[in-house]
Amino acid sequence: MSPEPSVYRGGDAVAEMVRSGFAESFHRGSVAVVDAAGALIASVGDAASPVFPRSAVKPVLAVAMLRAGWKPADPGELAIAAASHHGEPIHVERVEAILAGAGLTEDALRCPADLPGDPDSRNAVVRAGGGPRRAYMACSGKHAAMLAACVASGWDTAGYREPGHPLQVLAASVVEELTGEPVAATGVDGCGVPVFAASLTGLARAASRLVEAAEGTDERAVADAMRAHPSLVEGTDRTDARAMEALPGLLAKLGAEGVHLLAAPGAGAVAVKIDDGAGRASMPVALRAFTTLGHLPVPSAAERVVADLVAPQMWGGRLRTLL
């Protein structure tokens, strides 16, 4: 029998919320920093035990969809496939276009129905008398692209979320290939598809392999699409979009429960897990780690944006990283 995978036990203090000079809350977590070749060069806490990457792994899953034969109409469709979007019209239109290109409708989606996460878009839907839709859900781009990949390969679309479905088997193999380690556990993500556990070191390695891939590869296509369309990857003026717009070449992807991946060509990559699942700390810690423990250069034109992302002001307090 193969040994049981190690269990993530938590990390060190990585951030605190400071109000009027008083530290009122603390976040613990773990960090893995790899170089451009994917070798671990720095870590905080537990960078070796598996965690569920949640939506941070979507760029890797998008690679699997391309390998299954899906041919996006344009890079924007590929970006929304890797997105955790907020249901803005620009997002919903891309989801609908992917489905239409595969000869499908929104009824084929098996992600939960939701209202847009973007407040303005949500208010517009409610004012118009609308309600939750599957296309509004943050993971609908991934689900639409999974369905399109199934159509391209001639696979059943009704069961595309099942772990034994050919698409999910392929997805697991691509996760293993790019992380460089076996999937430690398989669970069910919040949107209903399988989520594959890997270490922070493996996840950082996978992110680095996306940005370091040669032109013409599926990995590079995903990285280029996300960086060309940062507002599709999360939302207008959202954290990941602001970071990618400010730092040329940066790839950023958040995940639920405090997971964040950052990578840049020639600089390596960072993977972060905040133990309490607080998303507010994941980008500040990841970006600080990349600039202090890793090799990410910050152009002078981006210094103000990076400073705001690393130490964001929140309701009169300010988050301070402890790396």
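Tabulated results
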quantity	calculated
Percentage relative contact order, the chain, counting C-alpha pairs under 8 Å, at least six apart	24
Spin-label proximity, ALA214 to the range 248-265 - amide N less than 20 Å from point 7 Å beyond Cα toward beta carbon	265
Rounded to 10°, Cα long-axis angle of helix 58-67 versus longest principal axis of the chain	40
Cα-projected label distance for LEU322 with ASP120, points at 7 Å along beta-carbon direction, nm	3.8
Helix axis angle, 140-153 relative to the chain longest principal axis, alpha carbon, degrees	50
Centroid-to-centroid separation of the range 73-138 and the range 154-196 [C-alpha atoms, Å]	22
Contour excess over end-to-end distance, with Cα ends at GLU96 and SER153 and 0.36 nm allotted per residue	18.5 nm
Estimated inter-spin distance, LYS71 and ILE41, nm [label 7 Å along Cα→Cβ]	4.0
MRE, 222 nm, helices only [DSSP H, n ≥ 4, -39500 (n - 2.57), over the chain, to nearest 500]	-11500 deg cm²/dmol
On Cα atoms only, tilt of 166-179 relative to the major axis of the chain in degrees	20
The range 40-60-the range 291-323 distance, computed between alpha-carbon centres (Å)	21
Radius ratio Rg over Rh of the range 169-245, counting only Cα atoms, Kirkwood formula for Rh	1.00
Kirkwood-based shape ratio for the range 183-303, expressed as Rg/Rh from alpha carbons	0.95
As computed over the range 249-314, the Cα convex hull volume per residue (Å³)	76
Largest-first principal axis extents of the Cα set of the chain (Å)	56, 56, 36
At most 12 other Cβ within 10 Å, DSSP loop - trypsin sites (Lys or Arg not before Pro), the range 1-74	ARG9
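Since every read-out is calculated from the coordinates, none of them should be taken as a lab result. None of these values were measured; they are calculated from a predicted model. Cβ sites come from the backbone with ideal geometry, for glycine too, and all protein chains shown count toward neighbours.
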